[in-house]
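Report on one structure; see the data block that follows.
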Amino acid sequence: MSQAESSRSIVGSGGTTQASRLHSALPEGAFETIDEVEGLLAGVVGNAPADLVEPALEALTSGGKRLRPLLLVLSAQMGEPGREDLLGAATAIEVLHTATLIHDDIVDRAESRRGAPTTVAGYGREIAAATGDYLFAEAFSELARIGDPRLVRAFAEASVGLAAGELEQYLANGATVEVEAYLEHIRKKTAGLFKAACVAGGTLGGLSLVQIDALASYGQALGIAFQMSDDIMDLVGKPGLMGKGIGTDLVEGTVTLPVIFALREGDAETIRGVLADPSPTPGLLEAGIEAVLATDAVARTEEWARGEIDAALEDIGLLPDSPEREFLESVASEVVGRDA
């Protein structure tokens, strides 16, 4: 399998990392590391309070592309990371990501993710909130064990951005949102963890400051394009990268980039009607989606996402010429225009 084909299995709409499909294309050692991370994720619940063991284990092992740990591992393997710290950091970033998903679902009152009930749907708001808090704590506990303040700073900055981004999205639901506000939101809420993964990996690998800065720029650009691509998937009739269903953003009142463009160019009254309705009927939701698709909003969003990918590929040119860099290039290239 080519690296491009392997990267499609990561960034496509599938629920879990397809380990057998990735094995032949990932750079040497990366597959084994991600496989070990899968095992370590199940062990995170070892110290959890009894009532949190089951929901935490379900959340950590319910599927996912493990893209953030993979970015961290590939970034690190361009240098010479210590094995134990690499495994710990890769596990920690997936634990942190899982915690954010649980908290997102609480705020959004989401019923399902990746085809299964969310933690809040299955266990209630109190247990879900406690589970998310526990996972946040476990992620930073592992960073404390590693003992590198640069990793703590990268994760902390991403966490602050996630909290701010979620609050901004909640306050803006159904409201008029400008493009720059949308971009700032996704830089915080989605791209922040991509950036943190790349920075943490480069740091553990002992790369130069210039190279770590290049990884940071790559991670942020990739995260922005990733979110834009998911925004498109929410409208075109296929499940998105985040494991959500079709039209979820419109139902939740979330104003994404294609919706911003469509509000300017198309049937704004119909689209606003969906955004303002807390429980739109299937007919109203379909009309809202069709109103967006009747404009060139999707094409404009794809064009913007491709610009972000071009920036990501330009930044990554400062990194060592290696199989890891080639794979990062493949991942970026497949985010926009992927088969989903």
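The values are calculated or read from the model by the stated rules, or taken from the named source; none is laboratory data. All of these numbers come straight from a predicted model, not from anything done at the bench. Positions of Cβ are backbone-derived with ideal geometry, glycine not excepted, and every protein chain shown enters the neighbour counts.
Here are the numbers:
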{"quantity": "Residue in region 66-86 that is touching a residue at least 12 places away in the same chain (Cβ under 8 Å), closer than 27 Å to Gly247 by Cα and not in a helix (DSSP H, G or I) present", "calculated": "yes"}
{"quantity": "Unique residue being touching an Asp or Glu at 6+ places or on another chain (Cβ under 7 Å) and aliphatic (A, V, I, L, M) when the list is Ala221, Ala216", "calculated": "Ala221"}
{"quantity": "Any hit, region 111-125, residues being touching a residue at least 40 places away in the same chain (Cβ under 8 Å), touching a helix residue (DSSP H, G or I) at 6+ places or on another chain (Cβ under 9 Å) and closer than 23 Å to Asp277 by Cβ", "calculated": "yes"}
{"quantity": "Filter pass, Ser217 being within 30 Å of Ala262 (Cα to Cα), surrounded by fewer than 22 Cβ atoms within 10 Å (Cβ to Cβ), within 20 Å of the chain's Cα centre (by Cα) and among the polar types (S, T, N, Q)", "calculated": "yes"}
{"quantity": "Members of region 245-269 found to be more than 18 Å from the chain's Cα centre (by Cα), over 10 Å from Tyr182 (Cβ atoms) and hydrophobic (A, V, I, L, M, F, W, C), listed by number", "calculated": "Leu250, Val251, Phe261, Ala262, Leu263, Ala268"}
{"quantity": "Subset of region 290-305 that is free of Cβ contacts under 8 Å to residues at least 40 places away in the same chain and charged (D, E, K, R) - its residue that is surrounded by the fewest Cβ atoms within 10 Å (Cβ to Cβ)", "calculated": "Glu303"}
{"quantity": "Residue within region 96-107 that is more than 30 Å from Glu252 (Cβ to Cβ) and surrounded by 20 or more Cβ atoms within 10 Å (Cβ to Cβ) present", "calculated": "no"}
{"quantity": "Residue match in region 162-173 (condition: assigned to a helix (DSSP H, G or I), of a type in the set (S, T, N, Q) and without any contact (Cβ under 8 Å) to a residue 60 or more places away in the chain)", "calculated": "no"}
{"quantity": "Region 109-147 - residue that is closer than 11 Å to Ala56 by Cβ and among the charged types (D, E, K, R) and, of those, surrounded by the fewest Cβ atoms within 10 Å (Cβ to Cβ)", "calculated": "Asp133"}
{"quantity": "Residues of region 295-340 satisfying the condition of being β-branched (Val, Ile, Thr) and in a loop (DSSP other than H, G, I, E, B)", "calculated": "Thr295, Val336"}
{"quantity": "Hits in region 32-53 (condition: surrounded by fewer than 16 Cβ atoms within 10 Å (Cβ to Cβ), of a type in the set (Asp, Glu) and free of Cβ contacts under 8 Å to residues at least 40 places away in the same chain)", "calculated": "Glu32, Asp35"}
{"quantity": "Residue check for Thr61: at pLDDT 95 or above, among the hydroxyl-bearing types (Ser, Thr, Tyr) and on the phi < 0 side of the Ramachandran plot", "calculated": "no"}
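Per-residue answers, yes or no, for (1) of a type in the set (Gly, Ala, Ser); (2) at pLDDT 95 or above:
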{"residue": "Val45", "(1), (2)": "no, no"}
{"residue": "Thr91", "(1), (2)": "no, yes"}
{"residue": "Ala99", "(1), (2)": "yes, yes"}
{"residue": "Gly124", "(1), (2)": "yes, yes"}
{"residue": "Leu135", "(1), (2)": "no, yes"}
